[in-house]
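What follows is one structure encoded as structure tokens, with my remarks underneath.
The values are calculated or read from the model by the stated rules, or taken from the named source; none is laboratory data. What you see is a predicted model, and the numbers here were worked out from it, not measured in a lab. Here Cβ is always computed from backbone atoms with ideal geometry, including for glycine, and neighbour counts include all displayed protein chains.
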Amino acid sequence: MLNYIGHRLLQLIPLLIAISIIIFVIIQLPPGNYLTTYIQQLELSGTAVNQSEVLNLQHQYGLDQPVYVQYFIWMKNILFHWDFGNSFQWQEPVTKVIGDRIGLTMLIAIFSLIFTWVIAIPIGIYSAVRQYSIFDYIFTFIGYIGLAVPNFLIALVIVFYVFDHTGLAISGLFAPEYVGQPWSWGKIVSMLERIWVPVVIVGTAGTAGLIRTTRAMLLDELGKQYVITARAKGVAEKKLLFKYPIRLAINPLVSTIGWTLPALISGSAIVEIVLNLPTTGPVLLNALMNQDMYLAGSFLLILSVLTVIGTLISDILLAWIDPRIRFGGMEE
Amino acid sequence: MISDEQTILEVKDLKIHFKLHEGLLKAVDGVDLSLRKKETLGIVGESGSGKSVTTQSILRIIPQTAHLEGEIILRSEETGKNINLATLPMNGKEIRKIRGGEISMIFQEPMKAFSPVHTIGNQMMETVLLHRTKDKNEAKEIVLQSLREVGMSNPEQRFDEYPHQLSGGMRQRAMIAMALASNPAILIADEPTTALDVTLQAQVLELMNNLKEKTGTSIIFITHDLGVIAEMSDNVAVMYLGQVMEYTDVDTLFHGAKHPYTLALLKSMPSVGAAENKRLEAIEGNVPTPINLPKGCRFFSRCKLAQDGVCNVQDIPLVKIEDGHYVRCVLVDEKNRGGR
């Protein structure tokens, strides 16, 4: 097992290097850079920019260096100083711009993941075991609605409904008096009061999908020979269900954690904008639109690393629960 | 079929029907079987003949949607009473005590029949803990002993291994060990050698015969391979489309079979002594789906001797020809009556 984990960790190194290069190339791809956008804006507002000033700015931001030199400087600073560069737009270090936001985003993401699993898996199991029962149909119906309705629409509806009934604006993660304040007990309580809204909204679509997946996976497993074997041994139905088919139906779900993590973080951008949450989605969108390359690049890098870590976690979990993976290939 | 005090299991007029959109599927339609102590009953037939459903219904592990009629009487050795398995509540306590306890089962593909994510030991312990003892150490001893009896090398190591780590033959041995670990009175083997190569087949069959000698377990052996029947069985039931076509002892089957279907099966079997360049006689066509079957003989559509107006008029009964030899065919019936 340790051997397996070590192996997987070593494999990550070249992967991460490749990802960082690709990201850097991608953020360099669009014509122009932050400066051209910036100068354009200045010119549009009527300010003339002379050539020496442009050169000056280019030098200041290191944009006069060749691309690969820029890449190495960026990487060096990240690895040795935990410095992701400066955001042109915010005129602040990237870490400062997104530090808090990443934390909050992760919090919402993890809560959503837990919410999704806790709701979806039991319902999926019920739907599979009592296939074509009345509740199976009801859950299926609700599930399809959840799948079909866009998240941001649910967000708008909830925000409107709550406001209409209580007069409370539940957008944002904190009550107005805590915004911009340092962390305190009150701020945490205020956050916990409001965090369920994005968690439920972000989780809904995932829940609907996961119910369908769980149901399908379990239906597949229920008809398998080993279930009949266990029944033929005289094992009680409920015990049998949890020991064999459910255990095996969970496997493919575990392997999806890897891509759920970044999807939860990037996929909820519109919801976050609608709800005005201080999370990463809106910032990423903005950075991409303004060619704020270090901010955008760092974002993409962090998202990629999260994907890789997510995949690693799900691989390790899979190896832990499924001996075929644990022993497969590694023994040779 | 005769039943005496040696009879341990008796199936009477068993019917298993499935309601489908297309109509009523009669998977098993009036099957009678009887199994005596220490006897091996072979059930032979093509795919779709209902042989697996019949035996699975004995353990009541057929789908809940199935409609089951008839009697399945087990003469319990533990209690000495007759239990009608057909009327026990599905998945209830009584039937679960019999499953894997007094009657246990071996399946066709050991790779699929074992859970891939639990060790062999874990899965075998489950049976033993349910039916033999509550003590874990004792249970482990029983499991290891059982693995030893089926000729498993290194049982202590195998105990902690997963099914995919064993070879095909070893897996089937483990399956047999698991079935026998609970000391069953009856062992149902559903094509246990079909998924194995020929050398392993021979080994597994020999193993089963040896274990039967040793433990005195009665065996119901399902196969489509007449060669295996010859090796294993005392009595044989030939099944076709959910009915027993012929029931006899194994010698009569190979040397005095009467039913056209049995004869056709025998002709379709390759033999070493046969003349070269002689084509095997296959039975034309496939087993039809048993939905909305016409009246008359089930084999009518494929039988070479079929006579319109004779064979397809009414359902054919299973008739006793000699002691222990039963045939379901009008033509054989008439011939015999005419001859006497």
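Kindly evaluate A:Leu210 against the criterion of being within 19 Å of the chain's Cα centre (by Cα) and either loosely packed, with under 13 Cβ neighbours inside 10 Å or not in a helix (DSSP H, G or I) (or both). No.
Just a yes or no: is a residue in segment A:93-114 outside any helix (DSSP H, G or I) and either in contact with a strand residue (DSSP E or B) (Cβ under 7 Å, 6 or more places away or on another chain) or within 30 Å of A:Asp315 (Cβ to Cβ) (or both)? So far as segment A:93-114 goes, yes, one or more of its residues are outside any helix (DSSP H, G or I) and either in contact with a strand residue (DSSP E or B) (Cβ under 7 Å, 6 or more places away or on another chain) or within 30 Å of A:Asp315 (Cβ to Cβ) (or both). Going by the structure shown, is A:Ile134 surrounded by fewer than 14 Cβ atoms within 10 Å (Cβ to Cβ) and within 13 Å of A:Ala205 (Cα to Cα)? For A:Ile134, the condition - surrounded by fewer than 14 Cβ atoms within 10 Å (Cβ to Cβ) and within 13 Å of A:Ala205 (Cα to Cα) - is not met. Of all residues in segment A:208-224, exactly one satisfies the criterion of being away from chain B (no Cβ under 11 Å) and within 14 Å of B:Lys112 (Cα to Cα), namely A:Asp220.
Condition test on B:Ala185, is it under 30 Å from B:Ile16 (Cα atoms), out of contact with any His (no Cβ under 8 Å at 6 or more places or on another chain) and without any contact (Cβ under 8 Å) to a residue 40 or more places away in the chain?
No: the conditions fail for B:Ala185.
Is it the case that B:Glu94 is of a type in the set (Asp, Glu), surrounded by fewer than 20 Cβ atoms within 10 Å (Cβ to Cβ) and either away from chain A (no Cβ under 13 Å) or not in a helix (DSSP H, G or I) (or both)? It is false that B:Glu94 is of a type in the set (Asp, Glu), surrounded by fewer than 20 Cβ atoms within 10 Å (Cβ to Cβ) and either away from chain A (no Cβ under 13 Å) or not in a helix (DSSP H, G or I) (or both).
May I ask you to say which residue of A:Gly143, A:Gly172 is touching a residue at least 24 places away in the same chain (Cβ under 8 Å) and on the phi > 0 side of the Ramachandran plot? Working first, answer last.
Details: A:Gly143 fails: on the phi > 0 side of the Ramachandran plot.
Testing whether each residue is touching a residue at least 24 places away in the same chain (Cβ under 8 Å) and on the phi > 0 side of the Ramachandran plot leaves just A:Gly172.
All told, A:Pro282 falls short of being out of contact with any Leu (no Cβ under 6 Å at 6 or more places or on another chain), within 14 Å of another protein chain (Cβ to nearest Cβ) and either without any contact (Cβ under 8 Å) to a residue 24 or more places away in the chain or among the hydroxyl-bearing types (Ser, Thr, Tyr) (or both). Answer yes or no as to whether B:Val327 is within 15 Å of B:Pro260 (Cα to Cα), at pLDDT below 85 and touching a His at 6+ places or on another chain (Cβ under 9 Å). So B:Val327 does not fit the description; no. Evaluation of B:Thr215 against the conditions (1) free of Cβ contacts under 8 Å to residues at least 40 places away in the same chain; (2) over 19 Å from B:Leu9 (Cβ atoms) shows that the sole unmet condition is (2). Candidates in segment B:116-161 are the residues that are part of a loop (DSSP other than H, G, I, E, B) and within 20 Å of B:Ile188 (Cβ to Cβ); of these, the one that is farthest from the other protein chains (Cβ to nearest Cβ) is B:Val150.
Residues that are assigned to a strand (DSSP E or B), within 13 Å of chain A (Cβ to nearest Cβ), buried (at least 22 other Cβ atoms within 10 Å of the Cβ) and under 21 Å from the mean Cα position of the chain (by Cα) are absent from segment B:72-82 altogether.
Scanning segment B:178-195 for residues that are more than 13 Å from chain A (Cβ to nearest Cβ) and either assigned to a helix (DSSP H, G or I) or in contact with a helix residue (DSSP H, G or I) (Cβ under 6 Å, 6 or more places away or on another chain) (or both) returns a single hit, B:Thr193.
For segment B:230-256, a residue qualifies if it is crowded, with 21+ Cβ neighbours inside 10 Å and part of a helix (DSSP H, G or I), and the qualifying residues are B:Met232, B:Leu253.
Where helices (runs of 4 or more DSSP H) fall entirely within segment A:225-277, those with at least 1 residues that are more than 14 Å from chain B (Cβ to nearest Cβ) and either buried (at least 19 other Cβ atoms within 10 Å of the Cβ) or at pLDDT 90 or above (or both) are at A:257-266, A:269-275.
Anything in segment B:48-71 that is more than 23 Å from A:Ala236 (Cβ to Cβ) and not in a helix (DSSP H, G or I)? List them, or say none. Give the steps one after another, and end with the answer.
Initial filter on segment B:48-71 (more than 23 Å from A:Ala236 (Cβ to Cβ)): B:48-54, B:67, B:69-71.
Correct list: B:Gly48, B:Ser49, B:Gly50, B:His67, B:Glu69, B:Gly70, B:Glu71.
Filtering B:Gly100, B:Gly45 for residues that are more than 14 Å from every other protein chain (Cβ to nearest Cβ), buried (at least 24 other Cβ atoms within 10 Å of the Cβ) and either under 16 Å from the mean Cα position of the chain (by Cα) or under 30 Å from B:Tyr240 (Cβ atoms) (or both) leaves a single hit, B:Gly45. Scan segment B:273-323 for residues that are in contact with a strand residue (DSSP E or B) (Cβ under 6 Å, 6 or more places away or on another chain), in a loop (DSSP other than H, G, I, E, B) and more than 14 Å from B:Gln243 (Cβ to Cβ) and the total you get is 1.
Which residue, of B:Leu241, B:Leu207, B:Leu226, B:Leu253, is of a type in the set (A, V, I, L, M) and over 17 Å from the mean Cα position of the chain (by Cα)? Don't jump to the end; show me each part of the working.
Numbers: B:Leu241 fails: over 17 Å from the mean Cα position of the chain (by Cα); B:Leu226 fails: over 17 Å from the mean Cα position of the chain (by Cα); B:Leu253 fails: over 17 Å from the mean Cα position of the chain (by Cα).
Being of a type in the set (A, V, I, L, M) and over 17 Å from the mean Cα position of the chain (by Cα) holds for just one of B:Leu241, B:Leu207, B:Leu226, B:Leu253, which is B:Leu207.
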